[in-house]
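Have a look at the structure below before the remarks.
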Amino acid sequence: MAEDNADRKSGEENGADGKKGRGTVFMVILGILLIAGGIGTGLILGQRSRPVVDVPRKDPETPLIVSFEDLYVNIAETKATRVLKLTVVLELSEEKLITPLEAHRAIIRDLISEAASHMTIDELEGRNGRSILKREIKNRVNDLVRDRMAGAVVDVYFSDFLIQ
């Protein structure tokens, strides 16, 4: 009987140790899974719930522009059968240039008309036709400005460009 009691005690100790060992392993695995699940959930939800932050942007300066009325120009080498309709907008470097340009509006319209009327239909419809005409208008107006007032034309825009 003493041996039976000794066997039971050693069996209970081994069984308790075996259950403790399995329980510890189970708890460690469960802890790792919970931590991994928490991290994964945090990453997924963190990506979805990030608030969109508007980066404050500096308001771009309003460009200084002078617009001209529609111009109808006969296209070169078409015997007046083809017409170019243009609406030109000039972007200026300085605000003080607006008033003098307004005063010279008729001269500038003539410069624009002259530049456009010297271009052929092939030049106007070509790959760089508009760019060439813009550059020509810019150069001619800047030549006028340079002689009479401070500032310059920065860019030329066409709000209408129609070949008929």
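Nothing in this text is a laboratory measurement; each read-out follows from the coordinates by a stated rule. Nothing here was measured: the structure is a model prediction, and the numbers come from that model. We place every Cβ from the backbone using ideal geometry, glycine too, and count neighbours over all the protein chains shown.
Data table
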{"item": "Simple Cβ-charge dipole of the range 65-132, Lys/Arg +1 and Asp/Glu -1, about Cα centre, in debye nearest 20", "result": "180 debye"}
{"item": "Debye-sum result for the range 110-151 in log10 I(q)/I(0), which assumes one identical scatterer on each alpha carbon, at q = 0.17 Å⁻¹", "result": "-0.48"}
{"item": "Cα-based radius of gyration of the range 64-163 once divided by 2.2 N^0.38 Å, which approximates compact folds", "result": "1.06"}
{"item": "Distant-in-sequence amide H partners of A152 (H built 1.01 Å from N, under 5 Å)", "result": "S93, E94"}
{"item": "Lys, Arg +1 and Asp, Glu -1 on Cβ, resulting dipole of the range 95-164 about Cα centre, debye, nearest 20", "result": "220 debye"}
{"item": "L124, L90 arranged by Cβ crowding within 10 Å, fewest neighbours leading", "result": "L124, L90"}
